[in-house]
Amino acid sequence: MDKYPAIIVVEGKSDKDLIDSFMVADIVITNGSEVSRGTIEFLQKAAKKRSIVVLTDPDSPGKRIRDILNQNISGLLHAYIPKERCIKKHKVGVAESSKEDIIQALANLIPADASPKATLTMNDLTELGLSGRDDSSKLRDVVGETLHLGHANAKTFLKRANAIGVTRKELEDGINGRR
């Protein structure tokens, strides 16, 4: 096994254990959706000498960690595993992914300033028929199931979608997959 050159930031021990099972890497665990001041300071120092890759779950806590790190550390790289590739038994996360999915995510790094932004607005939902129509609730239910957002009114649907970084294209794909 070759050593991965960058430091990999993950949320928890189960993520680290999975990566350690097939890769030699320096891994930093954030221990949930909060990132300690000590962890941030360590990563700020480390970023001066090595690349840092953030590999968190595609959910609200994972996005929160990415946001905290982006605000405090420059030059971060992000690895993304698609939501549909890291779900097992109603759990979502890196630890639920396969070795191949992790390797692919680490091969397709995105600089922090080019990372997908949550830019959905209520206007987007209306234009896509997810709000303001008689059948909007049914369409939101179907798209919400596909994107793992659950059943929600338009305002909550928008909040959940933005919390995990769903893009307009993902919404469009969810709608087109229904038709």
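The values are calculated or read from the model by the stated rules, or taken from the named source; none is laboratory data. Computed from a predicted model, the values in this text were never measured in an experiment. All Cβ positions, glycine included, derive from the backbone under ideal geometry; neighbour counts span all protein chains shown. Just the protein is used for accessible areas: all its heavy atoms, side chains included, with ligands, DNA and RNA removed. Shrake-Rupley method; radii C 1.70, N 1.55, O 1.52, S 1.80 Å.
Read through the list (1) open to solvent by 60 Å² or more (accessible area, probe 1.4 Å); (2) within 26 Å of residue 10 (Cα to Cα), then give the number of the only condition that residue 94 fails.
It is condition (1) that residue 94 fails.
Go through the stretch 1-106 and tell me which helices (runs of 4 or more DSSP H), entirely inside it, have 3 or more residues that are more than 26 Å from residue 146 (Cβ to Cβ) and among the polar types (S, T, N, Q).
60-72
Any chance you could count how many residues in the stretch 60-93 are among the aliphatic types (A, V, I, L, M) and under 9 Å from the mean Cα position of the chain (by Cα)? Reasoning before the result, please.
First, pick out the residues of the stretch 60-93 that are among the aliphatic types (A, V, I, L, M): 65, 68-69, 73, 76-77, 79, 81, 87, 92.
Pick out the ones that are also under 9 Å from the mean Cα position of the chain (by Cα) and you get 79, 81.
Looking only at that region, the number is 2.
Being part of a helix (DSSP H, G or I) and touching a Ser or Thr at 6+ places or on another chain (Cβ under 7 Å) is the filter; apply it to the stretch 137-173 and report the residue that is modelled with the highest pLDDT.
154
Quick check on residue 88: is it more than 19 Å from residue 106 (Cα to Cα), at pLDDT below 95 and not β-branched (Val, Ile, Thr)?
Values: more than 19 Å from residue 106 (Cα to Cα): yes; at pLDDT below 95: yes; not β-branched (Val, Ile, Thr): yes.
Yes.
Among the numbered criteria (1) within 30 Å of residue 25 (Cα to Cα); (2) crowded, with 19+ Cβ neighbours inside 10 Å; (3) not basic (Lys, Arg), which single criterion is violated by residue 74?
Condition (2) is where residue 74 drops out.
What are the pairs, 6+ residues apart or on separate chains, where a residue within the stretch 16-35 that is at negative phi and of a type in the set (Phe, Trp, Tyr) has its Cβ under 9 Å from a residue that is open to solvent by 20 Å² or more (accessible area, probe 1.4 Å) and modelled with pLDDT under 95?
Between residues of the stretch 16-35 that are at negative phi and of a type in the set (Phe, Trp, Tyr) and residues that are open to solvent by 20 Å² or more (accessible area, probe 1.4 Å) and modelled with pLDDT under 95, the close pairs are 22/1; 22/99; 22/103.
Say whether the condition of being at pLDDT below 95 and under 13 Å from the mean Cα position of the chain (by Cα) is met by at least one residue in the stretch 120-132.
no
Looking at residue 111 and the list (1) open to solvent by 30 Å² or more (accessible area, probe 1.4 Å); (2) out of contact with any Cys (no Cβ under 8 Å at 6 or more places or on another chain); (3) over 16 Å from residue 6 (Cβ atoms), which single condition is not satisfied?
All conditions are met except number (3).
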